[in-house]
1. Scan segment 253-275 and report the pairs whose first residue is within 19 Å of Asp235 (Cβ to Cβ) and whose second residue is of a type in the set (Val, Ile, Thr) and part of a loop (DSSP other than H, G, I, E, B), with Cβ atoms within less than 9 Å and a gap of 6+ or a chain change.
2. Only one of these conditions is not met by Ala280: (1) closer than 30 Å to Gly232 by Cβ; (2) aliphatic (A, V, I, L, M); (3) under 27 Å from the mean Cα position of the chain (by Cα). Which number is it?
3. Quick check on segment 133-150. Is at least one of its residues assigned to a helix (DSSP H, G or I), touching a helix residue (DSSP H, G or I) at 6+ places or on another chain (Cβ under 7 Å) and under 27 Å from Asp99 (Cβ atoms)?
4. When you check Ser176 against the structure, is it among the polar types (S, T, N, Q) and touching a Lys or Arg at 6+ places or on another chain (Cβ under 6 Å), yes or no?
5. Among the candidates Thr59, Thr74, single out the residue that is part of a strand (DSSP E or B) and at negative phi.
6. When you scan segment 216-236, do you find a residue that is in a loop (DSSP other than H, G, I, E, B) and touching a residue at least 60 places away in the same chain (Cβ under 8 Å), even just one?
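Here, each number is a calculation from the coordinates, and none is a lab measurement. From a predicted model like this one, the values you see are computed outputs, not experimental measurements. Every residue, glycine as well, gets a Cβ built from its backbone with ideal geometry; the counts of neighbours run over all protein chains shown.
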Amino acid sequence: MLLALAALPILSGCGKADGADAKPAAEASNKDKPAAAEAVPVEAVKAARRPVAASYSGTTSLEPRAESQVVAKTSGVALAVLVEEGQQVHAGQPLVRLDADRARLAVAQTEAQMRKLEGNYQRATKLVAQQMISANDVDQLRYDLEDIRAQNRLARLELSYTTVTAPISGVVASRSIKTGNFVQINTPIIRIIDRSRLEATLNVPERELSTLRAGQPVSLQADALPGQTFEGTVDRVAPLVDSGSGTFRVVCAFDGEGDTQLQAGMFGRLRIEYDHRADALVIPRAALLDDGDPAVYRVHDGKAVRTAVEPGYVDGEWIEIRKGLKVGDAVVTAGKVALRDGSAVTVIDAPPRPQAVAMSGQR
């Protein structure tokens, strides 16, 4: 018993030493194990079906169908300006009356000479039959008579130019003279625009040549009239592609009369819709990756799986997916930068998406 009691302190000391060594060894073992990857918080939206429209959009300004810079065809003092800005005029309506005294005198002078030569020519034709005057003299008189008649017509034309008339029907957009001003020949004095139909011209990339044609519907949103949309049509498509810019002209027409508030010179955004899909699989455009071929991060079993897709039409914030996804697949829309293929993710609630479809610009 004495020997057993003496051995107890020794065994107790050995047990304590073994326990002390086991704890650091366990800690070292835990440090060697890799730490679990933290899940990346992302926002995701499920692929769904909805209508999409294929369209081309662009910006341009409205122009009147016809426009005329009215010029004076003769010089003179403006005795009367008969129209004001904003006034509706019709083709042929007098706009300005110039001093016509000199032109009237020229008409009277040529008429007097013409009557004299007509009498001389009539007498000469009678005398030539009696061989009292030569045929050459008769021919000279006939030539002089035709010449003075031409001068008389020219004088009458100059007299008509003293009344400046409207070449087209429309609205007086501006005038640059007042009563009493001296007007130089060929000087623009009044501008008239025909706003019964307004036109907007787009320079469209040649890749869209096969999709746009006359008669397609066009919608317009003018910056000066927010919240309003105006409907028109494609009036004509140029059959020639400009080799320098690689574009072709598309002219759209809008009604400028009636209750419309559209005015020439307004700047707006046009959308030409050329195709429509009633039941397309779509996702937000924000879900597309921009690092190469079209792809998205699809959320599957708590991980982000890079998935190649085939995009189709773009309609506002939505893009059609023709291959690669199915209805209900959740795709990451926010937080993509921090992801890699196979990254663990945690989907958080995203803010509600707007229901309205904005105007798009690409296919």
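1. Pairs found: Phe254/Thr260; Ile272/Thr211; Tyr274/Thr211.
2. Looking at each condition in turn, Ala280 falls short on (3).
3. Yes, segment 133-150 contains at least one residue that is assigned to a helix (DSSP H, G or I), touching a helix residue (DSSP H, G or I) at 6+ places or on another chain (Cβ under 7 Å) and under 27 Å from Asp99 (Cβ atoms).
4. no
5. Thr59
6. Taking every residue of segment 216-236 in turn, none turns out to be in a loop (DSSP other than H, G, I, E, B) and touching a residue at least 60 places away in the same chain (Cβ under 8 Å).
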